[in-house]
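J.: First, the structure itself, so that you have it in front of you.
The values are calculated or read from the model by the stated rules, or taken from the named source; none is laboratory data. Quick caveat: nothing in here was measured; it's all calculated off a predicted structure. Reconstructed Cβ throughout: ideal geometry from the backbone, glycine too, with neighbour counts over all protein chains shown.
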Amino acid sequence: MARKAAGPAGEAVSDEIRLDLRMGQFFRAYDRARAALEAEGDTPTLRLLAATALLRTGAVAEARETVAAFDRPLDALDPERPAGEAANLLDDLESVALLGRIYRASWRELGASEDLRRARDLELARFHRHGGLVEGATAAVLSRFLDEPLRARDLALLCLSARGRRKAKAAARFGQALATAEALLLLDRTEEADAQLAQAGRLAAGEPTRGVEARQHLRDLAGLGVIVPEALWAHFKPPVVVIFAGAAADLPGQAEPVLPPQAEAPLATALEDLLEELGASIGYCSLAAGSDLIFAEAMIRRGAEVNAVLPFEEADFIAQRVRSCGTRWVERYQAVRGAVADVTPVCQDLYLGNPVLLRFANQVIDGRARLRAAALDTTPTLVAAWDYLAEPLPGSASDFIDHWGDPARLRIVDLADLRDSLPPDAPLPAGTTDGAPREEPAAARAPGGPTQAVRAMLFADVVGYSTIQDHHLPAFWAFLQAVRDRLGARLDPAVHIGSWGDALFIVTRYAVELADIAVGLTEAFESLDARALGLPVRLRLRIGLHAGPVFTGSHPLSGEQVLYGGNVNRAARIEPITVPGRIYASEQFVALLTSEHSAAVVEARMTGEAPPAAWACRYRGELSLAKNYGRQVVYEIAPPDAPAPSHGTGGGTGAAATPAEASR
């Protein structure tokens with residue numbers, strides 16, 4: 001395609017798009033790029049940025065279509081002697097990197113083998129024009145994927161020569177060390193590769209996503225039959241992710257002690273020893289007075305990352321779950337609050353006395369930790385401060401343990417043993433006599449009315465509906481009936497179905513049920529021929545999924561069963577910004593889906609059945625919700641039987657929460 005220089009306005013908007021991409025605002029980046037292409041005209045930079053934004057939302061086919069204009073000049077390029085129009089593109093490192101990433105994604109996820117060759121030739125041309133080590137090593141590895149082993153070896157030798165030794169800036173040294181190791185492994189020089197990987201491992205320290213990237217590169221090579229000794233993987237050990245569940249601090253005057261003040265210091269010591277033994281570096285927990293805060297403090301002291309999840313609105317959480325155990329706990333909460341990486345309430349509701357919010361928070365903690373761990377090539381461990389005599393109330397440590405089901409990754413600090421080992425004169429921490437009565441939940445002050453429950457919600461709208469006129473409505477009705485026929489029994493778990501014009505609202509009790517319905521709807525809309533039924537255009541769906549506590553009950557005027565609340569509104573705000581034909585879900589929904597899957601695996605083990613396959617959940621960044629409803633981390637989901645990328649990172653429910661951008 002002909003190059004068109006961007007003016008000052010185009011450069012400014014390009015910088016805004018780049019910032020959106022760095023901040024994970026992929027949907028907004030695409031909206032900006034699309035608007036700029038219309039306003040500024042077509043430039044290679046804007047087109048590539050638009051395609052990259054689409055790629056990061058999961059729309060690989062759409063991204064590939066966006067860069068189709070580059071194919072002809074690149075296909076005419078001689079990668080050994082790059083010249084002409086396409087060669088000018090090689091001088092723009094950003095453009096080469098973006099285009100190569102799109103070609104590789106097309107190959108990996110769409111099976112487009114010709115794009116593998118384009119990706120290789122692009123890197124090869126860049127290497128011959130500028131002599132970069134990373135480009136040479138990438139071209140060598142891609143040549144192995146193209147079943148050209150001799151060319152791969154020749155390129156590996158060439159990029160290790162003086163021509164490929166371009167001095168790297170500090171920020172690029174990791175990539176250079178990794179690329180050097182790849183070239184050496186292609187030549188079976190494993191001892192030298194080991195030294196380079198050791199250097200890359202040191203450069204990756206403190207940046208776990210770089211370790212993910214390195215392990216993926218090693219997996220690629222091993223999959224090609226390249227010898228990758230076991231010792232080489234040790235340079236990129238995944239971080240240890242822990243989940244914590246524990247007992248709350250005893251209330252003032254509590255008759256049966258579980259975690260009395262005298263046991264706090266011994267518990268802190270026990271947790272510190274256990275975390276050191278595990279090598280814990282990333283933790284997920286709540287922040288209630290007692291075990292939660294003691295765990296968070298222990299993690300902070302060891303310099304570890306803490307991610308906190310609250311079961312309801314923060315000020316009410318402090319009143320209900322912190323201050324009621326004494327004002328000294330509020331001080332500890334505020335100190336921890338300022339030191340943790342993240343504090344996320346699963347909803348902005350007040351606590352109405354229904355423990356379903358506490359259990360939902362545990363499920364979100366479980367799901368978020370599993371997603372993060374899988375993104376880092378590891379599996380979390382549950383650490384629990386537990387009293388075996390405690391009743392397994394919803395949201396309690398006992399409840400969490402009952403649903404865990406992996407004894408090999410469960411470590412328990414026995415609170416009964418701690419209490420029994422306390423000396424009679426064990427000192428009380430300062431300020432333990434100032435506890436305030438636990439505030440009465442709002443539900444107790446206003447009995448009756450609707451019921452609060454956790455539900456999974458789907459909002460969808462029909463793309464193309466705006467072209468339908470009144471005389472098309474019978475055909476549209478017939479189309480929806482065909483969709484219903486395709487769904488069959490998949491729709492049975494729905495507890496509520498609503499429709500208004502082009503909008504669809506479906507509710508289920510479990511996330512896995514709704515995910516299956518979403519897939520069925522998408523498959524039906526994508527496969528049915530709307531025009532054959534008399535409609536003027538193809539019809540597609542935009543789908544957004546969310547989960548959280550809602551209110552259910554009979555409407556006072558109509559008597560109809562309804563669902564309402566802030567989480568219904570949030571679910572409705574996800575759908576308008578999604579890409580047609582794809583299923584996007586909030587972090588809360590994906591965490592619940594992941595937790596439900598782990599519980600189903602436990603049940604299958606207990607009954608001797610085959611465990612269910614995991615859903616594919618891929619992080620797609622953060623979007624700004626419609627109607628100024630704030631921001632929301634979103635994932636794209638696909639069914640367990642969806643085709644996996646041929647050589648990509650793929651991933652079930654463990655797809656990346658913060659995915660590394662691979663240098664290849």
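Listed here are the residues, each with its yes/no results for (1) within 20 Å of Val550 (Cβ to Cβ); (2) touching a residue at least 24 places away in the same chain (Cβ under 8 Å).
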| site | (1), (2) |
| --- | --- |
| Glu575 | yes, yes |
| Thr578 | no, yes |
| Arg582 | no, yes |
| Gln588 | yes, yes |
| Leu592 | yes, yes |
| Ser598 | no, yes |
| Val602 | no, yes |
| Thr607 | no, no |
| Ala613 | no, yes |
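J.: Would you confirm whether or not segment 20-27 contains a residue that is crowded, with 19+ Cβ neighbours inside 10 Å and over 21 Å from the mean Cα position of the chain (by Cα)?
T.: no
J.: Shifting gears a bit: Scan segment 305-331 for residues that are surrounded by 20 or more Cβ atoms within 10 Å (Cβ to Cβ) and either free of Cβ contacts under 8 Å to residues at least 60 places away in the same chain or among the hydroxyl-bearing types (Ser, Thr, Tyr) (or both) and report the count.
T.: Of the residues in segment 305-331, 10 are surrounded by 20 or more Cβ atoms within 10 Å (Cβ to Cβ) and either free of Cβ contacts under 8 Å to residues at least 60 places away in the same chain or among the hydroxyl-bearing types (Ser, Thr, Tyr) (or both).
J.: In segment 251-303, how many are over 16 Å from Arg411 (Cα atoms), among the polar types (S, T, N, Q) and out of contact with any strand residue (DSSP E or B) (no Cβ under 7 Å at 6 or more places or on another chain)?
T.: Matching residues across segment 251-303 total 2.
J.: Is it the case that segment 584-593 has a residue that's among the small types (Gly, Ala, Ser), within 27 Å of Gly24 (Cα to Cα) and part of a strand (DSSP E or B)?
T.: yes
J.: Same structure, new question: Residues that are under 21 Å from Asp292 (Cβ atoms) and modelled with pLDDT of 90 or more: find the helices (runs of 4 or more DSSP H) completely inside segment 365-474 holding 3 or more of those.
T.: The qualifying helices (runs of 4 or more DSSP H) are 397-402, 415-420.
J.: Could you pull out the residue among Arg47, Arg32 that is within 30 Å of Phe127 (Cβ to Cβ), assigned to a helix (DSSP H, G or I) and either at pLDDT 90 or above or in the same structural domain as Leu116 (by TED's automatic domain parsing) (or both)?
T.: Going through Arg47, Arg32 in turn, just one is within 30 Å of Phe127 (Cβ to Cβ), assigned to a helix (DSSP H, G or I) and either at pLDDT 90 or above or in the same structural domain as Leu116 (by TED's automatic domain parsing) (or both): Arg47.
J.: Output the number of residues of segment 332-357 satisfying the condition of being in contact with a Gly (Cβ under 6 Å, 6 or more places away or on another chain) and buried (at least 21 other Cβ atoms within 10 Å of the Cβ).
T.: 1
J.: Picking from Ala234, Ala247, Ala255, which residue would you name as being surrounded by fewer than 22 Cβ atoms within 10 Å (Cβ to Cβ) and within 30 Å of Asp316 (Cα to Cα)?
T.: Among Ala234, Ala247, Ala255, only Ala255 is surrounded by fewer than 22 Cβ atoms within 10 Å (Cβ to Cβ) and within 30 Å of Asp316 (Cα to Cα).
J.: Hey, another quick one. Would you mind telling me which numbered condition in (1) closer than 17 Å to Gly581 by Cβ; (2) of a type outside the set (Gly, Ala, Ser); (3) within 31 Å of the chain's Cα centre (by Cα); (4) surrounded by fewer than 20 Cβ atoms within 10 Å (Cβ to Cβ) Asp529 fails?
T.: Going through the list (1) closer than 17 Å to Gly581 by Cβ; (2) of a type outside the set (Gly, Ala, Ser); (3) within 31 Å of the chain's Cα centre (by Cα); (4) surrounded by fewer than 20 Cβ atoms within 10 Å (Cβ to Cβ), Asp529 breaks only (3).
J.: Can you tell me which residues in segment 384-403 are without any contact (Cβ under 8 Å) to a residue 12 or more places away in the chain and closer than 20 Å to Met606 by Cβ?
T.: Listed by number, the residues that qualify are Pro392, Asp402.
J.: What is the residue count in segment 51-92 for residues that are aliphatic (A, V, I, L, M), under 30 Å from Ser624 (Cβ atoms) and either part of a helix (DSSP H, G or I) or at pLDDT below 90 (or both)?
T.: Counting residues in segment 51-92 that are aliphatic (A, V, I, L, M), under 30 Å from Ser624 (Cβ atoms) and either part of a helix (DSSP H, G or I) or at pLDDT below 90 (or both) gives 10.
J.: State the number of residues belonging to segment 319-347 that are of a type in the set (Val, Ile, Thr) and in contact with a strand residue (DSSP E or B) (Cβ under 9 Å, 6 or more places away or on another chain).
T.: Counting residues in segment 319-347 that are of a type in the set (Val, Ile, Thr) and in contact with a strand residue (DSSP E or B) (Cβ under 9 Å, 6 or more places away or on another chain) gives 5.
J.: OK, next. Out of Asp154, Asp147, which single residue is more than 25 Å from Lys237 (Cα to Cα), not in a helix (DSSP H, G or I) and not aromatic (Phe, Trp, Tyr)?
T.: Asp147
J.: Between Ile583, Ile577, which is buried (at least 17 other Cβ atoms within 10 Å of the Cβ) and either at pLDDT below 85 or not assigned by TED's automatic domain parsing to the domain that holds Pro612 (or both)?
T.: From the options Ile583, Ile577, the qualifying one is Ile577.
J.: Look at Arg126 and say whether it is at pLDDT below 90, among the basic types (Lys, Arg), crowded, with 17+ Cβ neighbours inside 10 Å and outside the structural domain of Arg582 (by TED's automatic domain parsing).
T.: Yes; evaluated as a whole, the condition is true for this residue.
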